[in-house]
Amino acid sequence: MTTLPFFPPDLFEQDREALLDIVYQHGTGPSQKFILGEQTAALEEALKADTGAQHVIACGSATGALELCVRALGIGPGDEVIVPAFCCQPVASSVINIGATPVFADVDPWTMVLDPEQVPALVTERTKALMPAHIFSIMAEMPKFKELGRQYGIPVIEDAAVAEGAVLDGVPAGRWGDLGVFSFFQVKAFGTAGEGGMVLTDDDQLATTVRMLRNHGQDGKTRFTHHLIGQNSRFDEILASFQLHRLPTFADRLERRAKIADYYSERFAPLADRGVLAPPAGRNGRCYYVYSLLVNRREDLRAYLSERQIGTHVYYPVPLPSQPAFSPWAPEGQSWPNAQQVSARNLGIPIWPHLTDQNVEFIADSVCEFFE
Ligand SMILES: Cc1ncc(COP(=O)(O)O)c(C=O)c1O
């Protein structure tokens, strides 16, 4: 039986020769510049062209990028940022690490993204930003968050770590917020052979600040003059070259992911009356980094698929406010029932772009057979 892992070990196989060549070229090249050099600048330019953003700033990871955004907005102790209760942990740690307070808001029970309806009740005079995040295959309802930001006069940090290449109402992911963030962690849609992230913004001042913050608060002109207290969130030249090499084929990989998702959604629609909720179908505001079902008998389905050598993944089995690290920021008496529920029910199935049609059919057949 073919083994179909959730995270394939051969993600970069097609580009392996190119990667080795890039490592060799950089390793033996005359400049010996391994961070924030010409290749990083070229990648920033390429993603500016790709997204239409005025400024694109490469940094060490999306986790680092979120923290740079929070810092660049001048947020600090006493300030609050509204973040999803069900998400990857950096939405909370990026706020706490600079001494501010994450305010957890519940998510939509189907799409699993931050529910904009939850926001108004949580806004106070201390609220200094909203941080919606796109999750798995669904972009957050950015028009509503943009409107909320306008209404309350607070900026929006758009965590598009998983959503590079997605488009909602004609606007690319990462371009809806005052600041947007991408991740290049290897399994992400535009993942790389290591770590990396990007900040996107149209705001000149924020861009200048993020650029300084990513490199110890220096302005790139005078070395060892620190205008701001920054961090080390610099970008790797080898990975910049590798991403430039992979950029022309990115759209094809995204399209393949979308096609697999279309097929899954068609196959799983009839399972709705058996308690299986597939992500909303369609292409608008969809990213297909991960395809996650919501199911009641998750562990049984997992075991069934595992017997067939199909890997699955449970993301965030514990919502953020219930995590030991974040519980001090979870006000007593408050609950996040949807976050709790999707933590207990979500199950990701493979959606990597080099799955064959046969593989995809086998995965869909196996899920359907389980519920028959
Ligand atoms: C929604 C979200 N935000 C942020 C991150 C952090 O990305 P990175 O691994 O590049 O730090 C992730 C990573 O999984 C994520 O899923």
| For M131, all conditions in the list (1) open to solvent by 10 Å² or more (accessible area, probe 1.4 Å); (2) touching a residue at least 40 places away in the same chain (Cβ under 8 Å); (3) aliphatic (A, V, I, L, M) hold save one; what is the number of the exception? | (1)
| If you check R286 against the conditions, is it charged (D, E, K, R), closer than 21 Å to C88 by Cα and within 23 Å of the chain's Cα centre (by Cα)? | yes
| field | Identity of the residue in segment 124-145, touching a strand residue (DSSP E or B) at 6+ places or on another chain (Cβ under 7 Å) and over 28 Å from L294 (Cα atoms), that ends up nearest to the ligand (Cβ to nearest atom) | value | A129
| said: For segment 224-268, give me each residue that is within 18 Å of Q39 (Cβ to Cβ) and charged (D, E, K, R). | reply: R234, D236, E237, R246
| Looking only at segment 288-314, and only at residues there that are within 16 Å of the ligand (Cβ to nearest atom) and at pLDDT 95 or above, the one that is most open to solvent (accessible area, probe 1.4 Å) | H313
| Failed condition for D219, given (1) open to solvent by less than 60 Å² (accessible area, probe 1.4 Å); (2) under 30 Å from V23 (Cα atoms); (3) at pLDDT 95 or above | (3)
| Close pairs from segment 141-167: first among the charged types (D, E, K, R), partner within 13 Å of the ligand (Cβ to nearest atom) and assigned to a helix (DSSP H, G or I), Cβ under 8 Å, at least 6 apart | D159/A62; D159/L66; D159/P90; D159/V91
| query | Does segment 202-212 contain at least one residue that is part of a helix (DSSP H, G or I), out of contact with any helix residue (DSSP H, G or I) (no Cβ under 6 Å at 6 or more places or on another chain), in the same structural domain as L68 (by TED's automatic domain parsing) and surrounded by fewer than 14 Cβ atoms within 10 Å (Cβ to Cβ)? | reply | yes
| request: Considering each of I82, I98 in turn, give the residue that is touching a residue at least 24 places away in the same chain (Cβ under 8 Å) and either touching a strand residue (DSSP E or B) at 6+ places or on another chain (Cβ under 6 Å) or not assigned by TED's automatic domain parsing to the domain that holds W176 (or both). | output: I82
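Within 16 Å of the ligand (Cβ to nearest atom) and either farther than 30 Å from G311 by Cβ or β-branched (V, I, T) (or both) - does that describe any residue in segment 42-55? Reasoning before the result, please.
The initial filter retains those residues of segment 42-55 that are within 16 Å of the ligand (Cβ to nearest atom), namely 43, 47.
Narrowing the set further to residues that are either farther than 30 Å from G311 by Cβ or β-branched (V, I, T) (or both) leaves 43, 47.
Checking segment 42-55: at least one residue is within 16 Å of the ligand (Cβ to nearest atom) and either farther than 30 Å from G311 by Cβ or β-branched (V, I, T) (or both).
Among residues belonging to segment 166-184 that are on the phi > 0 side of the Ramachandran plot and open to solvent by 40 Å² or more (accessible area, probe 1.4 Å), point out the one that is farthest from the ligand (Cβ to nearest atom).
Just the residues of segment 166-184 that are on the phi > 0 side of the Ramachandran plot, to begin with: 169-170, 174.
Now drop any that are not open to solvent by 40 Å² or more (accessible area, probe 1.4 Å), which leaves 169-170.
Numbers: D169: 21, G170: 23 Å.
It comes out as G170.
Would you mind finding the one in E117, E125 that is over 18 Å from the mean Cα position of the chain (by Cα), more than 17 Å from R286 (Cα to Cα) and in a loop (DSSP other than H, G, I, E, B)?
Details: E117 fails: in a loop (DSSP other than H, G, I, E, B).
Every option except E125 fails the conditions.
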| task | Go through (1) closer than 30 Å to V342 by Cα; (2) touching a helix residue (DSSP H, G or I) at 6+ places or on another chain (Cβ under 7 Å); (3) open to solvent by 50 Å² or more (accessible area, probe 1.4 Å) and name the single condition H227 misses. | result | (1)
| query | Taking interchain pairs and intrachain pairs at least six residues apart, which have beta carbon atoms under 7 angstrom, with the first residue in segment 290-318 and at positive phi and the second open to solvent by 30 Å² or more (accessible area, probe 1.4 Å)? | reply | Q309/M1; Q309/T2; Q309/T3
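The values are calculated or read from the model by the stated rules, or taken from the named source; none is laboratory data. From a predicted model like this one, the values you see are computed outputs, not experimental measurements. A quick note on method: Cβ atoms are made from the backbone with ideal geometry, for glycine too, and the neighbour counts reach across all protein chains shown. With ligands, DNA and RNA removed, areas are computed over all heavy atoms of the protein, side chains included. Shrake-Rupley method; radii C 1.70, N 1.55, O 1.52, S 1.80 Å.
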